[in-house]
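All remarks here apply to the structure that follows.
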Amino acid sequence: MKLYPLFADLSGRQVLVVGGGVVGERKAAALLEAGAKVVVGAPELSPALQGWAEAGRVEWWRGTFEDHWLDHAWLVVAATSDASLHRHMAALGEARRIFVNVVDDAETSSFHVPAVIDRSPVVIAISSGGHAPMLARLIRERLEVLLDPVIGSLATLMARMRAHIKARVPDVSLRRRFYERLLSSPVQSLLRRGQWALAEASAERLLDATEATPAGSVLLVGAGPGDPGLLTLRGLRALNEADVILHDRLVSIDVLALARRDAERIEVAKQAGNHHATQDQIHALMLEHARAGRRVVRLKGGDPFVFGRGGEELEFLRSHGIPYEVVPGITAAVACAAYAGIPLTHREHAQSVRLVTAHCRNSIDTLDWQALAQERQTLAFYMGTSELSAIRQNLIDHGRAATTPFALIENGSRPEQRIVVGTLANVVEQAMASNVRSPALLIVGEVAALATTLSWFGSAPIGTVPAATLPAAAAA
């Protein structure tokens, strides 16, 4: 179930809590803090609820639930021990388009109450979709420790100055940078000491120092192979500072989801036979946005400098005077092999590893096959799924044994990862039988057989490697 996060203004609006016990009391307390007009319907009330009713903080409707109780409610909380009553209330709410929260019943509820961190006016809500409330509470407890209590005061100051800041700094990108400087300035320290006038004066000085025209730049960022957990901290920071993200087709949706929500995303995919954008067009986009004062992230799958044409892009940026940085990423050979349980080097079987691109016939013809066919090394072929037949033939023709193990890793590090294993002799047939599709990495060498025993992520490898070809560790 996917839930839409929503912060509701309940000030002065009627919310019905059905149930007068401890749970109903807890729900009513949170609603009162939000300014809701709380009505509690129940035959009896807990001592606290009874006191609130007598003090006029809540209205008590004595008795068992009746359908007309929903007549003026904006929200309803079902907090009794009667499951059949809860289902009835949920059905009534559905018919009347009133959201109903059924305590401890995520499936019946039409809204869920999150765990909350309150740094008013900043409020952080954590939801597990109603299925793991203890996990949501644990996350809240950990975040509570990390978040400075002064955040609320800082938000109040920013709200007071918002119109003034917008008038002084009309450019959105420049204004965003002002806020970033504000958040790292002494303003928070001044607010922590209660020195509001000094904090506002400090913010004004930052405004005065804001440049009229922002300087643009480009960051080449390696997104890794797909698992967002493999993105570096520096890469994550770049995504959260970007105005524009030019991303490859192979950058995963999960990695893009980590970027700032209002960053402009432009896919600049280049795929064999279907070039959405040429390299010249990518260069033009980087130049256009950087000259407009934007911070551009050129987001590449894997690492920008491993078959990513990152060098060409830096040469172009340098020739046009555009400032740039490079944030390395985990390249596919390293990540895919690790997620398949394949050590690229092994003191008994492979003392070196070669990264090879096999994108097309032209690149195949320029490779040093004599060197690639040498034993005791691991070969990692990028973009080689369409050239498997040529790779096999060239390796065997130059002396590599047909019994050499291979592993094809499709969608490495992603939830849909698949591993196909076998020997060079049957690599084409195995790939066709398993319908292997790009993105897939081909690993050739004795260590590839270790996937049969050491793979740990995703489904088990497809295919077999003859025992005679297995390294001793795998055969054992």
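The values are calculated or read from the model by the stated rules, or taken from the named source; none is laboratory data. It should be emphasised that the depicted structure is a prediction, and the values quoted were computed from it without experimental measurement. Cβ placement follows ideal geometry from the backbone for every residue including glycine, while neighbour counts extend to all protein chains displayed.
Summary table
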read-out	value
Scan of region 328-361 for residues that are at pLDDT 95 or above and part of a loop (DSSP other than H, G, I, E, B), ordered by number	P328, G329, I330, T331, A340, G341, I342, P343, L344, T345, S352
Unique residue being touching a helix residue (DSSP H, G or I) at 6+ places or on another chain (Cβ under 7 Å), of a type in the set (G, A, S) and buried (at least 18 other Cβ atoms within 10 Å of the Cβ) when the list is A36, A28	A28
Qualifying residue in region 67-85 (condition: out of contact with any Lys or Arg (no Cβ under 7 Å at 6 or more places or on another chain), under 22 Å from S128 (Cβ atoms), in contact (Cβ under 8 Å) with a residue 12 or more places away in the chain and outside any strand (DSSP E or B))	yes
Any hit, region 7-22, residues being surrounded by fewer than 14 Cβ atoms within 10 Å (Cβ to Cβ) and either part of a strand (DSSP E or B) or of a type in the set (F, W, Y) (or both)	yes
Scan of region 85-108 for residues that are modelled with pLDDT of 95 or more and small (G, A, S), ordered by number	A90, A91, G93, A95
Qualifying residues in region 114-136 (those that are part of a helix (DSSP H, G or I) and under 20 Å from the mean Cα position of the chain (by Cα)) - the one modelled with the highest pLDDT	L135
Scope region 166-204; condition farther than 23 Å from A290 by Cα, out of contact with any Ser or Thr (no Cβ under 9 Å at 6 or more places or on another chain) and of a type in the set (D, E, K, R); matching residues	R193, E200, E204
From I139, I98, residue being aliphatic (A, V, I, L, M) and within 25 Å of Q14 (Cα to Cα)	I98
Pair list, Cβ under 9 Å, 6 or more apart: region 217-244 residue without any contact (Cβ under 8 Å) to a residue 24 or more places away in the chain, other residue of a type in the set (D, E) and part of a strand (DSSP E or B)	none
Restricting region 297-327 to residues that are of a type in the set (A, V, I, L, M) and part of a loop (DSSP other than H, G, I, E, B), the residue that is nearest to L441 (Cα to Cα)	V306
Qualifying residues in region 299-358 (those that are of a type in the set (D, E) and surrounded by 20 or more Cβ atoms within 10 Å (Cβ to Cβ)) - the one farthest from the chain's Cα centre (by Cα)	E313
Some residue of region 5-15 being touching a residue at least 60 places away in the same chain (Cβ under 8 Å) and in contact with a Gly (Cβ under 9 Å, 6 or more places away or on another chain)	yes
The lone exception for E204 - which of (1) among the acidic types (D, E); (2) surrounded by 15 or more Cβ atoms within 10 Å (Cβ to Cβ); (3) modelled with pLDDT of 90 or more it fails	(2)
In region 137-154, residue surrounded by the fewest Cβ atoms within 10 Å (Cβ to Cβ) [restricted to those that are over 22 Å from the mean Cα position of the chain (by Cα) and not in a helix (DSSP H, G or I)]	P149
Residue list for region 175-184, filter: surrounded by fewer than 16 Cβ atoms within 10 Å (Cβ to Cβ) and either in contact (Cβ under 8 Å) with a residue 40 or more places away in the chain or outside any helix (DSSP H, G or I) (or both)	E180, S184
Filtered residue count, region 268-296, keeping only those that are in a strand (DSSP E or B) and either exposed (fewer than 13 other Cβ atoms within 10 Å of the Cβ) or at pLDDT 95 or above (or both)	4
Matching residues in region 284-300 - criterion: being of a type in the set (D, E, K, R) and free of Cβ contacts under 8 Å to residues at least 60 places away in the same chain	E288
Among (1) on the phi > 0 side of the Ramachandran plot; (2) outside the structural domain of V297 (by TED's automatic domain parsing), the one test that G226 misses	(2)
Tally, over region 242-261, of residues that are closer than 15 Å to V296 by Cβ and more than 14 Å from the chain's Cα centre (by Cα)	7
Test: residue in region 207-223 that is assigned to a helix (DSSP H, G or I), over 30 Å from G329 (Cβ atoms) and modelled with pLDDT under 95	yes
Test: V58 is within 43 Å of the chain's Cα centre (by Cα), aliphatic (A, V, I, L, M) and under 11 Å from A79 (Cβ atoms)	no
Any hit, region 40-48, residues being part of a helix (DSSP H, G or I) and out of contact with any Gly (no Cβ under 6 Å at 6 or more places or on another chain)	yes
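Here's the yes/no breakdown for (1) on the phi > 0 side of the Ramachandran plot; (2) modelled with pLDDT of 95 or more; (3) of a type in the set (A, V, I, L, M); (4) not in a helix (DSSP H, G or I):
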residue: Q370; (1), (2), (3), (4): no, yes, no, no
residue: R376; (1), (2), (3), (4): yes, no, no, yes
residue: E387; (1), (2), (3), (4): no, no, no, no
residue: R400; (1), (2), (3), (4): no, yes, no, yes
residue: A407; (1), (2), (3), (4): no, yes, yes, yes
